[in-house]
Each structure stands twice: as structure tokens, then as C-alpha cells.
Amino acid sequence: MMGALHTGLVLLSFMVICESEPTHAGPDSLEDPHGSVSPGTSRLVHLTPHLAFQLVNKSLVFSRADSVCRAQFSSLASLNRSEERQGVLELLQQAGHHSPIWVRSPQKTSSELGSLSKQYSQFQALIFPKDFDEGFARVSLSFPTMPSISVCVRVQWNQDWSEVSTIFSYAAPVFTNEFQLRGQVDVQGRVLLALIIHGKHMPYKASFPNDGAWHHICVTWRQSSGHWAIYVDGDLRDTGSSAGTSRDIFKDGIFILGQDQDSFGGNFTEPFFGNITDLNIWSTPLEKRHVASVNTCSPIAQDVIFSWNPRYLSIHPAVKVVQVFLLCPVGNQQGALQACRTLQDGPDQPPQVGLLDCSDPLPFICVSSRERFLKMRQMRDVQNARPTVFMSRLMELSNSTQVQQDPVLGQQQSALGSLAQASALLDASAQALEDTQGDGLQPTDMLSLIQLLSLAADAPVEPPPNATGQRQGGVQDLSQSFITVADSIIREDNAHKWQAIKEVVNGPMDVVRSIDRMVTSLSPRLMAETDHMTIHSPNIKLELHHQHLETGFRGSRFCGPQTEKATDPDCILVPYQKMQDLQDNGFQRLTLVNTWYGSLRPLFNPEENITMVPTVTDGSQRYLGTVLGSSVISTTVLGDDQPVSAAVHFQLRHRVQNPSGTVYDPVCAFWDFDLIPEAGGWWNTRGCEVVSKQSGYTTCYCNHTTNFALLLQVYEDQRSQENERALQVLTFIGCGVSLCGLLFTFILFIAVGVPKSDRTTVHKNLIVALAVAELLLMCSDWVSANEVACFIVTALLHLFFMASFSWMLVEGLLLWSKVVSVNISEDRRMKLYYIIGWGLPVLVVAVTLLVSVDRYKADQHCWLNMETHTIWAFVGPVIFVLVVNAVVLCRVVMVTVSSARRRAKMLSPSSASKMQTFDLTWAVTRPVLILLPVLGVTWLCGVLVHVSVVLAYIFILLNAFQGLYIFLVYAVYNSEVRNAIKRIKEKRKALSFTNCSPPTSFLPSQRAPITSWGRSPPTPSSPETSETSGAPSSSSTSLVIKNESFRKESFVSFSLKPASNQVVQLTGFKPSGC
């Protein structure tokens, strides 16, 4: 043990200072200063403008090489980038290294191993197109009774298909689900495989990536033991033994490719989409070496029932037969070998990329960024010049032992050879941390410990001993020391030190990843004697919970430490139904690994914004950014000691205090290590959603397991409480005044007998829609406590505000038809107007409710949900209406002004024409500008309310009082309404005069001014066309234009006079007294 400790301490120092001094002319060589490297071992470094390459000229197996590079915050060299490939070749040439080295595959990680070597083979393949779900192929032979069976097939899965598919099915006359292989795509993009034997469904556990490539699948079953197995690409991926499969497989069955047989040879379901080839069937269970041989495209003739030949298949017309070339591993008498990618640069030949057995030891090259490498060299120099208190204490513990170095470990230059070595080094580090806790860790110490955790997590795990006892306790002690060391690194008081090493370490999630790897690796050993274990530290809580599913489920809820201040702790839960699904899929043992990290939030750079799309706000808040706002909690589910995906619910407390003037909106997220691999990962929200939000915590749901947290989107409150209250009061008052104005306008239209026309009909509909919307808006706060009533009010508000804007659009179209283009009859126009005004809003609201009824209403008030895309069901149509009306208004102004200028030049070509044109333009433009609120164009300023509170006041003043504008425009200053009221007054005077005088005293001529808008054109002396009475003179010219503004034979009169107060009256809007 102490020899392992001494070696580990040497290793720890070596990992910090082993970086060699680089030069730009060529590589440098550096022997380990502590003498732990055997002769001939060296590290050669080559720098490029952006990358640093280190050739470790010590042979290690592939997995160890990958672990060493990861522990040095770099990665195993790959050849997928031109700069990286060129740098690797330059380093090999400068070092004169001509033997193979390990390199990383651009498509696969170290855990996804390739084949030893490959060659092309030609096959006839079946194509099952996605456009036809009835495609199948039947094996045309008679099957015997089978006490054992093996089936191998090559499959290319359709990447666009994720549903359950049947690769093959064998049905007997007396039992349909005799033997069947099925597959489905999970949320991680893997194709999961499961067997059905005698109707019993085995678990979906074996898998291959849904990458569009060909994959070789073999399944075997033996009746005598009930043992079955699934091999993928030559590797055993799943195995089991199931009771209830003791009988043979019935004879005279039908074997179908690509369909599930719900009845014997028919009623096909669950079709397969993709390509299939190389189907072979044996009446014996193949061993692993046989599967490896078949994977290499080497046939096995013994006990074969069917060898691949499409001529012996009955193929449906939808299935096509094509020729394909596949890459097969070369045959190997020893069986399949796990193979990894290599690169060899010969002196007289170009570089060769090949594959070798992953267990062969080879040199390798680690690649990191140039900045990271130089930063590590700088920290090495500091460590050499002034050793820290922690490192000095660690070396003292090493020097106190007199035991010689373990020679076996000495050969493993940069990796831990066993759990015993990892445990010794972790124990010593924990002891040194305890002895120097008053001095704290320095950045170089943290860097060394992070490297140690990475190496310890990858230490090889020996099989569980038969006699557990002390050995089992050693694994638990190792786990406790591991968590203690990790806790010392992620303490809150180390936050500023993390900033010092951020150029080298990706971040605190590197520590989390090491813990995940360690616990997943050691969980079988940790759970060998107990079903429950908890490891505590001040900032980390780790819990392992083991269950045998056949004996029932126990609680799977895990919570972080309880605090006096918080009544709702951080918790995570695997739902009962998900555990039931795992049992239904054939899993027998379940291990839940739960971890809580309470101090990670301060370690993330607070100035580094997490890039996310902000949620939609109402304009009162300005998006500032997104920050980590909670603890981190994680769950890993191991089914029969294999990681499986399961949905979880979790609840996390908000750990960020709201400063004055800011608000937070929580978002459920997880750390995705694969999102930005070169940066160690990044936050992702895929598959996660908010279930509920409370004042101090948020509940989330995610459809997978990993490390979860809450991200808080930060908003700056643009308005103070006083301004917010004032705006609410002003809105309520404005709505009340607006509602009264609309009601008075509608009553006047009905009571005074305004002549019927399409214009007045449009006005009435706009008034009704806007009045109902204003009334609902005033009442919405009163029903917000009732969920059902609030939902109904939200739908009605959506409907009537949409109808209001639709009738505003109709107002614009009506104005266009009166001034710009008059080509549709009034009857046809009104049918179109009703469809736009009421039909379109009903359609929009109905579709929105149908598509997003669950996300329709906001949580806090009775309006559309602004945190989802539902709000666009209102905002989108409104923007369209405003843009159309703005265009209409501009076009109307242009046409009217242009026409008036031409008439002015034609009728008054005097020296004062410029002044007359200005007066004419103003007289035409003024009534059109007054129509802005009626057309809803003032709502355009609503997009700017978040810029300033002043704009918010302007927006409310312009639009909350929209009903008052309509009352003034269509009632008070509308000559039609005024003339109707005047006629009523005249009639009352006439009736009163009749009561006092003989009836003959009433002269019809007294009503002559009232009939000036009749069917005859108005005279120049009419009060509607001139400000003064009398005969027309040479200095006054009257232009009468026939139009359909009021009635079918009304007129627009432009009175043109030399005086400066030129008057133009547009009958679409006729203010009296102009």
C-alpha cells in the first residue's frame, strides 16, 4: 500500500510539471525529473499557432491513452481537422517516429470500438421504403422443430424512422410470437433491440447508433438453459436467461423480414424501414467466436438452416433488391478483436491509417489548445519555484514511507493501474487537505487534484472478490476519499481560484463528470453488500439506492440536505410508472445513483452570460441575460448494471436574490457534455420543461437522466412600482372613458337616424368589438383567481381584440375603396368585410385553442401565454393589420394630396399657388391624421414601450382612450351626425311652431339648407361648400366631385378661393366648421 502511495505521489507531481519546454523549430524532449519514467520514455512537444501536440513515447493500451490525455485537459489526437492532422504528422517527422500511434476516430469515442481491419464485400440487399408500410420478404423453406436457434442479419436503419419496428418475426401455426427481433429509437438517438421468445418480451437494452451505417446483429437462444444473447457488430450487448421458455420452437413456421405477424403469415404490423441483407439462420446457438467469424463475412456452414440468397425469398413488390458493397472485418481465427484507429508515418511511404487491437500498447499524441498548454507551463514554473503548503505536506507524507516503488506501477507512466493505487493516493490527498485546511488550496493544487480525480475515475475495476469484508470496505473508503477531495475543489471560497485556472480547466463540471464516472464504475462493488449507501460532505451528497424490481418498488425520491431556512429542499424523483416500465421491459435490478452539488453556482463566472433565447415579455422588462440560479442535482439509472434512460421530476430552490429592479424567470436545463465537447459541454434545455413555478422554487420534468439545474433569465424592470401602479390606474380610467365613448357613439348612430351605408355599418361593428374587448379587459383582474373563468375570459379577450383589429383592417380597406380604387359593389364589399371582421378572428382563436390548449393562458393573469409561441396568435395578425393600414393611410394621403395639387394649379395658377398648395395639403391631411387611432396605427408604438416609461404613457393615452377618439371623430365632429341632430331640432321647432301658428305658416324653403346634401349638387352659397352666402364671384371657384362617401349620390365639394384659408372637405371624414 505504501509503495503505491509513493508511486502515486510521484505521479501526482509528474502530472503537474511533466509539460516540456516547447520550441517553435522542433519538438523538445523532457525526461521525468523525478525519475519515475523508465529509460527511453519521453514527451515530445510541437506547437502550432493554435494547437499544442505532445507525443507520449510510452506505450499504453487505447483506453489508458485516452484517460491520460483527458486528465491533462487535452484529447487524444484525431485526423478530422486539417490543422490537427498536419501538426500530428509534423511532430512524428521531427521526432523520427515511424511506428503506429493511437488516434481518435472522428465518428467514434473510445467506448465505441471499431473492427480490426476491413475489406469490401458485395451483397444483394433488400430495400424497405418508408413510403410503403406493407413491404415484407418471406423465407421460402420449411422449418424444423428448433431446440436452439441463431439468427444473424445486417441492418441499415432509416434515420427518419423512430417508431417500433420488427426486423424479423417467426410465427408457428399454433403460436404467432414464437421468435422475434424488434427495434426502436430512444431519445438519445440509439436503436434499441429486444427479443420476443415464446411471446415473452425481453428488455430493450442492446443498441447501436442510428447513424445510417450498416450494423451486424446476431441473436441466439438455447432451450435447455433458456439463455439468450444479442450481439451487435461482433460484441455481446445483452444477455439473459428467462424462465417460461423451456419448450422448443414449433416447426412449420413462417419467417418474415420487415413485419410483425399478428396472425400466422398475415395481419402485418410494426413495419421495418431501411435496408436488410446477409440473413443467416442456424439450428444451434452460436458462441462469441462464431459470431465474430460471421461478423467478418466468413460463413459458417455447420447446422445452417438458411444461408442468404434472395432467390429463396418471396418478396413483396414494394421491396426492391439492389447490389451493395459493405466493409467487413477480415476473418480472424481467434475471434473478434476490439480494434481502435492508428496512424503510422513511414519514412518512405505516405501516412497510413489502420486498425489494431485496442489492448495492444502503443504510443499516442495528446492535443490541446496552445493557450492551455502555455498556461499549464506557467503554473508548472510557479509550482517549481514555490511549492504550496498542500503539495509540501503531500510530499512529506510520501517521504515518511520507506517502502520501495511498485515496479509494475512504475511502468504505467501516466495512469493508475488499480483501485488500490487510486485509493492510496486519494487517502493521502484527503489527509493532506485536512492537515492544511487553514491554508487553503492554491490554483496549482486544484489543478493537480482535478487531474487525480480524472485518473482515479478511470482506474480499472477488479471483479468483486468472493470474500468481501475488508476489500468491500476499501471501495467505500475510496469513494469517501474521492468525494472529500472533490468537495475541497468546488468549495465556494475557491470561486476566484477557478478564474485563475479557467484557461486550463473547462470548469467545475469536469469534477462532476469525474464523480459520475467513478460512481457508475464502482456501483456494483458498492452495492455488493447493501441496498442503500449515502456519502456526505459539506457541498456534495451522494446516494446509491439498489432495488430488486421483482420484489416491488420502494421510494425513489432523493433530496439534498435540509436547511432551517428552506422548507422545500432540492429533490429529484423517478416516477413510479417509469420504474414499472423498466420492469415490464425485463430489468430485474435497478440502481439509482443520485448526487447533489450545493456550491457549483458561485464557481461559474457571473459575468459570463449563458446564451439563451429570452422568453417573451410584455415590454415592461428588458432581457439582460441568463445565469445559473440553483444547485445541481443528478440521477443515473442503472438497469442490471447498465445505464438506461428514464424520465425524472425534480424540484430546485432559487439561490439568487432578486436585486431591486430585476426579476427572474426560471428555465429547466441540464449540462450536456456533448454539446460543445472542446469546452467540456454546455447547458441544454432539450426534453425539459417547467411544471410549476413558486416564489422560492421551481418544479421541472425531463425525459432523460443527467445533471440538472435551473437557469434564471434575468430581466431589468423598466418601471418602478409607482409607475406600474399609475399605468394600471390610467389604463382602467382610459378603458372606462373609452367604453363610455363607444356606447354613446353606438347609441347616437341608432337614435339619430344616421343614413345607412357600408361606412356606418363598419363603424358599428368596430364599436361593438372594441367595446366588448374593453369591458372584458376591465373585468379580467376580478376573475383571475378562478382558473376556468380566467381561461374563458382569455379566449374572449383574444377573440374580441382580434375582431377589433380585423374591423380596423376593414376601416382601412374601406378608406382605400373610397379614395384609391372603387371597383367593388357595396353588397359584395360587405360580405367580404364580415368574413374579415368576424370570421377571421373566430378561425384564429379556434386554431390556437386546438393546437396549444395546454399552453394557451398565462400563469399569473387572464391573457395569452407570453412564454410560449401562443402569443404570436395575437401579435402576428395585429402586426399584419397595422402594416396594411399604415400602407393604406400613406397611399390615401399621397393620392389625395396629388389630386388636390393638380386641381389647385389648374384652377388658380397665380403667384400665390405655393401657399394655396400648402393650405390645400394641410386641409386634406388633417382629417386623415385624425383617423390614425381609428385605423389602429397608433398601436405601432407598442413595440417601443420597453425603451422608456414615457413611451408607455404615450401608448396608453393613445390607445386606452381609443373609444373617446372614435366618439369625437364619428359623433361630435361628424357632419352626418350633426346634420341628423340638426334635423331633429328643426323638426321639433317646426312641431312647436305648428302648435302655436296656423299650419300654412310652415314653409318648405325653411328646410332648404337641410336638403343641400340631397340628390342635387350643392350650390356655392350652401353652408356645406362655402363659408359665406351670396352669388358666386369671379374670385371664387367651386369644384364639385361626385363620390359615394355618404350615400350613392352624395358629393365631395372642394371650395377653392384665393384666400389663404383654403378648405378641402373629404366626405369620408367631414368635420363641421372646416
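The values are calculated or read from the model by the stated rules, or taken from the named source; none is laboratory data. Model, not experiment: these values are computed from the prediction. Positions of Cβ are generated from backbone atoms using ideal geometry, with glycine treated the same way; all protein chains shown enter the neighbour counts. Heads up: the accessible areas ignore ligands, DNA and RNA and are worked out on the full protein's heavy atoms, side chains in. Shrake-Rupley method; radii C 1.70, N 1.55, O 1.52, S 1.80 Å.
Return the carbon/sulfur percentage of the accessible area of segment 477-521, one whole number, probe 1.4 Å, all protein chains in place.
45
Need the full-extension length gain, residue 322 to residue 461, defined as separation in residues times 0.36 nm minus the C-alpha distance. One decimal, nm.
45.3 nm
For residue 303 and residue 686, compute 0.36 nm times the residue count separating them, minus their Cα-Cα distance, and round to one decimal in nm.
The span from residue 303 to residue 686 would gain 133.0 nm if fully extended.
Could you give each residue of segment 860-866 its phi-based ³J(HN,Hα) in whole Hz, using Karplus coefficients 6.51, -1.76, 1.60 with θ = phi - 60°, and x for Gly or Pro?
In residue order, the calculated couplings are 9, 8, 8, 7, 5, 5, 8 Hz.
Stokes-Einstein D for segment 849-890 at 4 °C, 1.567 mPa s, Kirkwood Rh over Cα pairs, in µm²/s?
The calculation lands on 112 µm²/s.
R0 = 56 Å: FRET efficiency of residue 781 with residue 536, Cβ-based, nearest 0.05?
Here the calculated transfer efficiency is 0.70.
Given H placed 1.01 Å from N in the peptide plane, which residues other than close sequence neighbours of residue 630 have an amide H under 5 Å from its amide H?
The list, which skips near neighbours in sequence, is 655, 710.
In what sequence, highest mean first, do 704-712, 344-352, 475-483 appear when ranked by Cβ atoms within 10 angstrom?
Order by mean packing, descending: 704-712, 475-483, 344-352.
Taking only protein heavy atoms into account and a 1.4 Å probe, give the accessible area per residue of segment 146-196 in Å².
Normalised by residue count, the accessible surface of segment 146-196 is 30 Å².
Each label point is 7 Å from the Cα along the Cα-to-Cβ direction; what then is the distance between the points at residue 352 and residue 264, in nm?
5.9
Using 1/(1 + (r/R0)^6) with R0 = 56 angstrom and r between the beta carbons of residue 384 and residue 236, what's the FRET efficiency to the nearest 0.05?
E between residue 384 and residue 236, to the nearest 0.05, is 0.70.
Using θ = phi - 60° and the Karplus relation 6.51 cos²θ - 1.76 cosθ + 1.60, list the HN-Hα couplings for segment 688-700 in order, rounded to whole Hz, with x at every Gly or Pro.
Couplings: 10, 8, 7, 8, 7, 10, 10, 5, x, 7, 9, 9, 10 Hz.
In square angstrom, what is the accessible area per residue of segment 755-844 with a 1.4 angstrom probe?
Normalised by residue count, the accessible surface of segment 755-844 is 44 Å².
Within 10 Å, count the other beta carbons around each residue, average over each peptide in 283-289, 425-431, 752-758, and list them highest first.
425-431, 283-289, 752-758
Once amide H atoms are placed 1.01 Å from N in the peptide plane, what residues at a sequence separation of 5 or more from residue 143, or on another chain, have their amide H within under 5 Å of its amide H?
252, 253
List the residues whose amide H sits under 5 Å from the amide H of residue 179, counting only those 5 or more places along or on another chain, with H placed 1.01 Å from N in the peptide plane.
Here the answer is 170, 198, since their amide H atoms fall under 5 Å of that of residue 179.
Once phi is turned into ³J(HN,Hα) by the Karplus curve 6.51 cos²θ - 1.76 cosθ + 1.60 with θ = phi - 60°, what whole-Hz value does each residue of segment 389-395 show in order, with x for glycine and proline?
4, 5, 5, 5, 5, 5, 6
Could you rank 294, 887 by how accessible they are, 1.4 Å probe, largest area first?
From most accessible down to least: 887, 294.
Leaving out ligands, DNA and RNA, what percent of the accessible area of segment 652-717 is carbon and sulfur, probe 1.4 Å?
Carbon and sulfur together cover 46 percent of it.
Calculate the FRET efficiency for residue 395 and residue 94 from the Cβ-Cβ distance with a Förster distance of 25 Å, rounded to the nearest 0.05.
The computed FRET efficiency comes out at 0.10.
If I model a spin label as a point 7 Å beyond the Cα along the Cα-Cβ vector, how far apart are those points for residue 828 and residue 377 in nm?
8.3
Simple spin-label model, 7 Å along Cα-to-Cβ: residue 130 to residue 860 in nm?
4.3
How would you rank 191-203, 531-543, 447-459, highest first, on the average number of other Cβ atoms within 10 Å across their residues?
Peptide ranking by packing, descending: 447-459, 191-203, 531-543.
Ignoring ligands, DNA and RNA, please state the percent of accessible area on segment 118-223 from carbon and sulfur, probe 1.4 Å.
45
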